[in-house]
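The values are calculated or read from the model by the stated rules, or taken from the named source; none is laboratory data. A quick note: this is a predicted structure, and the numbers were derived from the prediction, not measured. Every residue, glycine as well, gets a Cβ built from its backbone with ideal geometry; the counts of neighbours run over all protein chains shown.
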Amino acid sequence: MTEPVRLSKRVVEIAGCSRSEAEQYVQGGWVRVDGVVVEEPQFKVTDQQVTLDPAARLEAAEPATFVLHKPAGLSADAALALATPANRWDGDDSGWRVHKRHFAHQQVAMSLEDAASGLLVLSQDGRVVRRLAEDAGKLEQEFIVDVEGELSPYGWNRLSRGTEFEGWPVAAFKVSWQSEQRLRFAIKGVRPGLLAHLCAEVGLRAVAMRRIRLGRIPLTKMPPGQWRYLPPSERF
């Protein structure tokens, strides 16, 4: 039996490329071992058949960013567990090729409170996470909020003129009725409890809330628990 060697070394032998190029081929999902794609360059092979896809091309291992539809009642950190290949939305038409490495070290950006559902950003790219943290107060977010109760007298004028929350003024925002028991907010600087507070200020009780847009990125019709790839060309 042949002595075990790293898969990347075997790719060097069959492709006549450098070691770094071989690792890129493997990590890019272009290499099969006995017909099965293996993405770990350190994977040990002996006499197995190793093949390189004829369409293989060298690609840098760019960090991945996902848009996830977080279900209500789930913490943002717990929602990270939903970022698996099986939960990719069928409507994702980005053409992006899924690799195992894209699901490691994902971080939550612009978190959502546990009770809320909707758009949640997950990213391996530290630049994306930092940018959203820095722009948290400037990016407009859009929420649908289901409410119960009766609007207090002059409540609409009070709500639309703005108020304060936890001792800080709330930046000007837009609010409109979507139905008799549903409000739509376009607002910046959202903090946990803010939307429920705004509703309570005018006699309403928020019973459900869903983020449907973050900056220029929409949630779309993606079902809860599923995610789509966010190409670098889509800007917040």
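Points worth noting:
- For V38, the criteria (1) modelled with pLDDT under 90; (2) farther than 19 Å from P85 by Cα hold in every case but one, which is (2).
- Residue under evaluation R158, criteria (1) under 19 Å from M222 (Cα atoms); (2) modelled with pLDDT under 90, criterion not met: (1)
- All positions within region 179-188 that are surrounded by 10 or more Cβ atoms within 10 Å (Cβ to Cβ) and in a loop (DSSP other than H, G, I, E, B): Q181, K188
- Any hit, region 46-55, residues being under 30 Å from V128 (Cα atoms) and either touching a residue at least 60 places away in the same chain (Cβ under 8 Å) or surrounded by 11 or more Cβ atoms within 10 Å (Cβ to Cβ) (or both): no
- Considering residues of region 192-225 that are assigned to a loop (DSSP other than H, G, I, E, B) and in contact with an Asp or Glu (Cβ under 8 Å, 6 or more places away or on another chain) only, the residue farthest from W96 (Cα to Cα): G203
- Residues satisfying the criterion are present in region 208-219 (criterion: closer than 18 Å to N87 by Cβ and under 13 Å from the mean Cα position of the chain (by Cα)).
- The residues listed here are W156, W168, W227; of these, the one that is aromatic (F, W, Y) and buried (at least 19 other Cβ atoms within 10 Å of the Cβ) is W227.
- Filter result (within 20 Å of K174 (Cβ to Cβ) and not aliphatic (A, V, I, L, M)) within region 134-151: D135, G137, K138, E140, Q141, E142, F143, D146
- F66 meets all of the listed conditions (1) assigned to a loop (DSSP other than H, G, I, E, B); (2) at pLDDT 90 or above; (3) under 16 Å from H102 (Cβ atoms) but one, namely (1).
- Tally, over region 144-178, of residues that are of a type outside the set (A, V, I, L, M, F, W, C) and part of a loop (DSSP other than H, G, I, E, B): 8
- Residues of region 205-222 satisfying the condition of being touching a Gly at 6+ places or on another chain (Cβ under 9 Å) and exposed (fewer than 15 other Cβ atoms within 10 Å of the Cβ): R205, T220, K221
- Residues that are part of a strand (DSSP E or B) and surrounded by fewer than 21 Cβ atoms within 10 Å (Cβ to Cβ), drawn from region 102-116: Q107, V108
- Residues that are surrounded by 15 or more Cβ atoms within 10 Å (Cβ to Cβ) and either part of a loop (DSSP other than H, G, I, E, B) or among the small types (G, A, S) (or both), drawn from region 76-95: A76, A79, A83, W89, D92
- Here A22 fits the description: assigned to a helix (DSSP H, G or I), surrounded by 15 or more Cβ atoms within 10 Å (Cβ to Cβ) and over 16 Å from the mean Cα position of the chain (by Cα).
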